[in-house]
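The values are calculated or read from the model by the stated rules, or taken from the named source; none is laboratory data. Predicted, not measured: the structure shown is a model, and the values here were computed from it. Keep in mind that these areas ignore ligands, DNA and RNA; they rest on the heavy atoms of the full protein, side chains included. Shrake-Rupley method; radii C 1.70, N 1.55, O 1.52, S 1.80 Å.
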Amino acid sequence: MSVQSSPTELVYDPYDYQIDENPHPIWKRMRDEAPLYYNAQYDFYALSRFQDVLEASLDAQTYISGRGTVIELIDEPMQNPPMIFMDPPQHTAFRKLVSRRFTLAQIGRLEPRIRKLCGDYLDPFVGAGGFDYVADFGAKLPVMVISSLLGVPEEDQEQVRIWTDLSLYRAPGETGLSQAGAAAMGDIRDYWHGLIRERRARRRDDVMSELIDVELRERDGTPRKLTDDELFAFYLLISSAGNETVARFLGSVATILSQFPDQRENLVANPHKIPNAVEEVLRYEAPSPIQARWCTRDVELHGQTLPARSKVALLTASANRDEREFPDADRFDVDRKIDRHVGLGFGIHFCLGASLARLEGRVAIDETLRRFPRWDVDTAGLERVHTSTIRGYCNVPILY
Ligand code: HEM
């Protein structure tokens, strides 16, 4: 149930669809009036100022991820958590194992494949007058890119994408998997277990092949390799962290650039500014706006106490609009000098896929502007996705 906010009452309900339409005015009030905000209805605290979110992200002993990072799902520590729900020292060890595969140099090798995919998706719409920028392009691209990264052969990638789509689909008002979605999840699991078996027999030049050979140390120091289930769990993590985020990011690209045509013209005339535009979009509309944590000790903040054993929402999307850090923060400006933002997180859980997200963003914007230097969004067809972890559109019809 949502609570309406009156002019005097400050209510931030992360599940309220109306607030989700444009949470920025409420987040601004929180930064100004209640920098340590408490929501009694759902029993969580929220930090909304840049400095507070940054410091909390850097203090992984006080603000832990081991009980989950989705506000409504924070609970007891999990048995076999994915990396994003681990704390040190387990997180440090696992992150070290995988981060070498996600460096700029490694990821950069995917650029020709990403450009080719962009061309394949966008070319059919040249001269067509319009298409859905997210459904027809933004949501498809990241699934194919992650398949390429992990080693799914090109001829299987479209099938994996279709299964992934089915597994992500939620009927309006539903939060769980549909029957078709559950079947598709089964197909994905079977497919990956088959692929892992093949890679064990014969390595290729892909991340899965490399992960098969990495050595993990047990607590007593005994070395061991990752099991098939752990390798599949890693695929699930990358797929859940790297598909929807990029799709929502590209939805924001389409809506923001149509809202600010002067900024779009600037990019068409100066494509070298596109990398900075990627950072500005991540700052202006962070696709992953809330990172939740469990607080392990009492913390004094703004004359109040954030109590131990409480849930805390780090509002990264609010922090990115904090006027204390970003002058004229509500202005979208591809020329803005951005030294840092928290749109990809910060600290030990900083987005593992940051280089890939940035590469996909840069190439997608470049390939889009080359073909479509101008467009309008058909606002009647805009459709949002509503979850407490991701914010953005699943449908962005554009006309040109
Ligand atoms: C625009 C796209 C993306 C955005 C906005 C985004 C955002 C984020 C954020 C905010 C975090 C920090 C979570 C936390 O502190 O709890 C994070 C972590 C993570 N992201 Fe991304 N992400 C994006 C794309 C990707 C991609 C493409 C991949 C994979 C290839 C990926 C994989 C991960 C993983 C594995 C983590 C967990 C890292 C850890 O716990 O050490 N992300 N991401």
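Whole Å is fine, so just give me how far the alpha carbon centre of region 60-132 lies from that of region 331-354.
For region 60-132 versus region 331-354, the Cα centre distance is 15 Å.
Once ligands and nucleic acids are excluded and a 1.4 Å probe is used, how much of Ile74 is accessible, expressed in Å² to the nearest 10?
Spelled out: Ile74, probe radius 1.4 Å, area about 20 Å².
Given the C-alpha centroids of region 4-58 and region 270-325, what is the distance between them in whole angstrom?
Each part reduced to its Cα centre gives a spacing of 11 Å.
Order Thr255, Thr379, Thr389 by their accessible area, 1.4 angstrom probe, all chains in place, largest first.
Thr379, Thr389, Thr255
With a 1.4 Å probe and all protein chains kept in place, how do Phe50, Phe125 rank by accessible area, largest first?
Details: Phe50 0, Phe125 50 Å².
Largest accessible area first, the list is Phe125, Phe50.
Express in % the proportion of alpha carbon pairs of region 140-240 at distances exceeding 15 Å.
Cα-Cα pairs of region 140-240 separated by over 15 Å account for 65 percent.
Using a cut-off of 13 Å between alpha-carbon atoms, which aspartates and glutamates can reach Lys225, once sequence neighbours fewer than 8 places away in the same chain are excluded?
Within the straight-line limit of under 13 Å, Lys225 reaches these aspartates and glutamates: Glu210, Asp213, Glu215.
Probe of 1.4 angstrom, ligands and nucleic acids ignored: what's the accessible area per residue over region 24-109, in square angstrom?
Each residue of region 24-109 exposes 50 Å² on average to a 1.4 Å probe.
Just how much of His341 is accessible, in Å², when a 1.4 Å probe is used and the result is rounded to the nearest 10?
20 Å²
Share of Cα-Cα pairs in the chain beyond 36 Å, in percent?
Looking at the chain, the distances longer than 36 Å represent 25 percent of pairs.
How much accessible surface does Asp376 have with a 1.4 Å probe, in Å² rounded to 10?
100 Å²
How many angstrom lie between the Cα centre of region 358-400 and the Cα centre of region 145-205?
Cα centres, region 358-400 to region 145-205: 24 Å.
Which sequence of Arg297, Arg340, Arg309 reflects their accessible areas, 1.4 Å probe, from the largest down?
From most exposed to least exposed: Arg309, Arg297, Arg340.
List the relative contact order of the chain as a percent without decimals, with contacts defined as Cα pairs under 8 Å and 6+ residues apart.
Working: 618 pairs, mean separation 102.2, N = 400.
Reported as a whole number, the value is 26 percent.
Which pairs break 27 Å Cα to Cα here: Lys28/Lys337; Lys96/Lys140; Lys116/Lys273?
Lys96/Lys140
Picking from Ala180, Ala139, Ala317, which is most flexible by a Gaussian network model of the chain using Cα springs under 10 Å?
Ala180
Considering only protein heavy atoms and a probe of 1.4 Å, how much of the accessible area of region 140-240 is carbon and sulfur, as a whole percent?
Working: 2710 of 5430 Å².
On region 140-240, the fraction of accessible area on carbon and sulfur atoms equals 50 percent.
Would you please state the base-10 log of I(q)/I(0) at q = 0.11, 0.12 1/Å for region 1-150, with intensities from the Debye formula using one equal scatterer on every alpha carbon?
-0.75, -0.87
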